[in-house]
Amino acid sequence: MEIPSKYKPAKTETKWYNLWMEKKFFRSVPDKREPYTIVIPPPNVTGVLHMGHMLNNTLQDVLVRRARMQNKNALWIPGTDHASIATEAKVVAKLKEKGIDKSGISREEFLKHAWEWKEKHGGIILEQLKKLGASCDWDRTKFTMDDSMYESVIDVFIKLYNKGLIYRGVRMVNWDPKALTALSDEEVIHKEINSKLYYLRYKIEGSADDWVTIATTRPETILGDTAVCIHPDDKRFRHLKNKKVLVPLVNRPVPIIFDEYVDPDFGTGCLKITPAHDINDYNIGIKHKLETIDIFNDNGTLNENAELYIGEDRFIARDKIIIDLEKNGHLFKVEDYINKIGYSERTDEVIEPKLSIQWFLKMEEMAKPALDVVMNNTIKFHPAKFKNTYRHWMENVRDWCISRQLWWGQQIPVYYLPNKEMLVAKSKEEAFETAKLKYNLPDLKLSDLKQDEDVLDTWFSSWLWPISVFDGIRNPDNKDIKYYYPTNDLVTAPEILFFWVARMVIAGLEFANDIPFKNVYLTGIVRDKLGRKMSKSLGNSPDPIELMEKFGADGVRVGMLLTSPAGNDLPFDEILCEQGRNFSNKIWNALRLVKGWEIDHRIEQPQSSEISVEWFNSKLNSTIEIIDDQFSKYRISDALMSVYKLIWDDFCSWYLEIIKPAYKQPVDKHTYKATIIFFEKLIKLLHPFMPFITEEIWHHLNERDENDCIIIADMPKAEPYNKALLSHFEKETGIIIAIRNIRKERNIPFKEAITLSIKKNYDETPDNTFDSVISKLCNISKINYVDKKIEDAVSFIVKSTEFYIPLSKSIDIEAEIKKLEDELKYTQGFLNSVLKKINNARFIKNAPEQVVANEKKKKTDAEAKIKVIEEQIVNIRK
């Protein structure tokens, strides 16, 4: 095949992705191989690809492609989440555009519109993931509202209810006035806000001019006050026992109560109690048997119980009540105040604490085994620092509010009877038959049963995801669940560690009697170069599709991974994607160089090529060892960097430079064959990170049919290699760089051959292993080994070896002395830094043995070099 002068990502990506799909390379069914399984964190069905998705799914694809090349039966299951709150909000907004109000249509009609919306918009994000190169088994795509998934959720509710773990009760919940639903504690985000603290005066009932002052950030809630509370030991207010105060503006008398909950040193020492609108007040209200007055409608407006500002939004009512309080002499003072306010994670609406009848799941006992499997490393977190966060949450877990006041979702399988009884059943028909028998209701009609209007929290379906995608709830012994479960790796974000990860662990142990995954890789947050979290509102989040069109999918994948160590935030800049694209071009140019060589089967392999092949083989295998270790520790960004440097630095900058034939000259067959083998191994190592360009190069390196693809090729394994050769070559590169620098400094053109004299010291034996390489790369006509200093030559030192390049022009002695003195000063400084470590008892005691040995060798080398430099300075001055 003719190799184009430029790599064209768009054409290549479409070609190979279509072929991979056609050949079903992503498809997995149980067989005798070791399974490797990842389940995608299901994105919202409403969603489109953002930078967080790009990072998360690139990491997953790297892991699954590598496993596939290790001959594991790799399966990556894709899917989407029905996202109750977000989806219902979008459907409601769409209906409003058509002049339809949700309250004016039936549940069935609304769900019909919701499903239409889902079918039209629901597949967008999955199609976008294909452009990234995601190698998911698309035949297994799941949606949390699929019939099988829906039924699994209902089955789990019934099981937990029958175990006594699900209950219904009136509780203070986090109410979202915009979404009109309760939220769990984990769905509330607390933000620090600049607020006002209002000091309000309450008159003592029956007194002429006796008042108490309270402080509040929410003056509108005084209309729901049912007490004022004081600490029993607070001497300032002992005279108020058995007294009442009048709630400002409405003049409702409420008791003064005494409770140790109040901090007498905070604020005024007097606390207004509003049981319907504050969780702590609610608990005090229960303890003291106080009246509860709910002054808010579900949408955050004031109701008739408030007596004033009826129908007004809570924040408008706040502005108005302050004016009226001041007019009536109740406003004492106002202070600036910083406090934390809860916001809905989904709608960004200020949360309203609200008393509501909800369904709850008891969590305390279920959480204990889920904590143990993480703390004892049965499930490993990467990085491990998140274990402490997990432990804190699990040790302080609260009952989970699992009901939502929505229509889009799994409707709670509870049926209410005319006799006020209720039944939990899989269907209305099942509940009907049970009711007739259980309660002896022969005249009961099916229409008499009313199903609970609420749906289950979206997380109540996604916590089953690793099990339900294999139908493991309904059919716990099916071949898929037995083969693929538990899954191997989960890649997700720390912010849903409790929302999703912890709950999946609980569900796995409860319903599958096993952990859901063995490793959890926690990504960081993608931020802009100013450190801000990327968001639509800030306008700092690039469109991933546009990035891929500009830089190619491989370029963007590399750009995302180059600076994204596990658990650390990613400071994203487009320049990273440009670096990824440049890397693609570098590899492409290397391909064109190698495939452009003419092969001559008659010529012998040059010595420089022979030793370079041996060196690069060692370098390749030592790097494979490093990459394997990095993957085992989930240091995926480091693994990419190891491959990147191996290709860019070692292969392109060194190996190809050494072995490439002179202009218009052929290459020998041995070197060419070795180079093609190396190239193939390199792109195999790179394939999980850059799947498209590696597949294209794979088919250019050798003639192959379309079934022989790199995606299913074997990942290279580390073979024995020569460590000494690697160490030796590292020293030789220093020599080559030094000679090139001298050529540059002295304006010696490369075409002008030079000679090199080498003086070994301390009875070292000359080693000419890489002399042929040095000669080729530096255009050296002859290398001499000498035992005396060479006159009229420029010199440099590597380790303790002296190198001399004779020059036809006279040497500037002062310049040479200056250069040597500068090098002496640098080496002495280096030696001092090494000595500080070696003389540090703590370092010697705690550092690994090899690290200490390396530092001692640095000391010996530096001392030897200093001695040689000092001798050179003395000799020059003679």
Taking only pairs six or more apart or across chains, which ones have beta-carbon atoms under 6 Å, a first residue in the stretch 742-755 that is assigned to a loop (DSSP other than H, G, I, E, B), and a second residue that is of a type outside the set (Ser, Thr, Tyr) and open to solvent by 30 Å² or more (accessible area, probe 1.4 Å)?
Phe750/Asn779; Ala753/Asn779
Scan the stretch 437-466 for residues that are among the basic types (Lys, Arg) and surrounded by 13 or more Cβ atoms within 10 Å (Cβ to Cβ) and report the count.
1
In the stretch 93-133, what residues are farther than 30 Å from Glu695 by Cα and open to solvent by less than 40 Å² (accessible area, probe 1.4 Å)?
Leu95, Ile105, Arg107, Phe110, Ala114, Trp117, Lys118, Gly122
Matching residues in the stretch 729-771 - criterion: being at pLDDT 90 or above and aliphatic (A, V, I, L, M):
Ile735, Ile736, Ile737, Ala738, Ile739, Ala753, Ile754, Leu756, Ile758
Can we say Asp137 is in contact with a Pro (Cβ under 8 Å, 6 or more places away or on another chain), among the acidic types (Asp, Glu), crowded, with 16+ Cβ neighbours inside 10 Å and farther than 30 Å from Arg314 by Cα?
yes
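Residues are listed down the side, and each one gets a yes or a no for (1) among the acidic types (Asp, Glu); (2) within 23 Å of Leu55 (Cα to Cα); (3) surrounded by fewer than 20 Cβ atoms within 10 Å (Cβ to Cβ); (4) touching a residue at least 12 places away in the same chain (Cβ under 8 Å):
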residue	(1), (2), (3), (4)
Tyr634	no, yes, no, yes
Met641	no, yes, yes, yes
Tyr655	no, no, no, yes
Pro666	no, no, yes, yes
Lys669	no, no, yes, yes
Tyr672	no, no, no, yes
Ile676	no, no, yes, yes
Leu686	no, yes, no, yes
Restricting attention to the stretch 555-608, and to residues there that are among the aromatic types (Phe, Trp, Tyr) and in a loop (DSSP other than H, G, I, E, B), which single residue is surrounded by the most Cβ atoms within 10 Å (Cβ to Cβ)?
Phe572
Would you check which residues across the stretch 331-372 are buried (at least 16 other Cβ atoms within 10 Å of the Cβ), more than 24 Å from Ala86 (Cβ to Cβ) and over 26 Å from the mean Cα position of the chain (by Cα) and list them?
Leu331, Phe332, Leu355, Lys362, Met363, Met366
Can you name the strands (runs of 3 or more DSSP E) wholly within the stretch 382-494 that have at least 1 residues being within 25 Å of Met363 (Cα to Cα) and free of Cβ contacts under 8 Å to residues at least 60 places away in the same chain?
414-416, 422-424
Could you list all residues from the stretch 182-203 that are among the hydrophobic types (A, V, I, L, M, F, W, C) and surrounded by 19 or more Cβ atoms within 10 Å (Cβ to Cβ)?
Ala182, Leu183, Leu200
Exclusive hit being free of Cβ contacts under 8 Å to residues at least 12 places away in the same chain and either open to solvent by less than 70 Å² (accessible area, probe 1.4 Å) or closer than 22 Å to Ile693 by Cβ (or both), set Thr58, Thr14, Thr87
Thr14
Residues of the stretch 773-796 being aromatic (Phe, Trp, Tyr), more than 55 Å from the chain's Cα centre (by Cα) and within 24 Å of Lys818 (Cβ to Cβ), which ones?
none
I want to confirm something. Restricting to the stretch 264-292 and keeping residues that are among the hydrophobic types (A, V, I, L, M, F, W, C) and in a loop (DSSP other than H, G, I, E, B), which single residue is most open to solvent (accessible area, probe 1.4 Å)?
Phe266
Read through the list (1) within 20 Å of Ser356 (Cα to Cα); (2) in contact with a Pro (Cβ under 9 Å, 6 or more places away or on another chain), then give the number of the only condition that Ala227 fails.
(1)
Restricting to the stretch 21-36, name every residue that is open to solvent by less than 60 Å² (accessible area, probe 1.4 Å) and either under 27 Å from the mean Cα position of the chain (by Cα) or small (Gly, Ala, Ser) (or both).
Phe25, Phe26, Ser28, Pro35, Tyr36
Can you list the helices (runs of 4 or more DSSP H) found entirely within the stretch 761-878 that contain at least 2 residues being more than 26 Å from Ile611 (Cβ to Cβ)?
813-838, 841-846, 849-877
Looking at the stretch 384-423 only, could you name the residues that are under 14 Å from Phe157 (Cβ atoms), among the hydrophobic types (A, V, I, L, M, F, W, C), buried (at least 20 other Cβ atoms within 10 Å of the Cβ) and over 29 Å from the mean Cα position of the chain (by Cα)?
Ile412, Val414
Filter result for Glu614 (among the acidic types (Asp, Glu) and not in a helix (DSSP H, G or I)):
no
Filtering the stretch 544-554 down to residues that are part of a helix (DSSP H, G or I) and open to solvent by less than 60 Å² (accessible area, probe 1.4 Å), which residue is nearest to Gly524 (Cα to Cα)?
Pro544
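The values are calculated or read from the model by the stated rules, or taken from the named source; none is laboratory data. Bear in mind that the values here come from a model prediction, so they are computed numbers and not experimental data. No Cβ is skipped: glycine too gets one built from the backbone with ideal geometry, and neighbour counts run over all protein chains shown. These area figures cover heavy atoms from the full protein model, side chains too; ligands, DNA and RNA do not enter into them. Shrake-Rupley method; radii C 1.70, N 1.55, O 1.52, S 1.80 Å.
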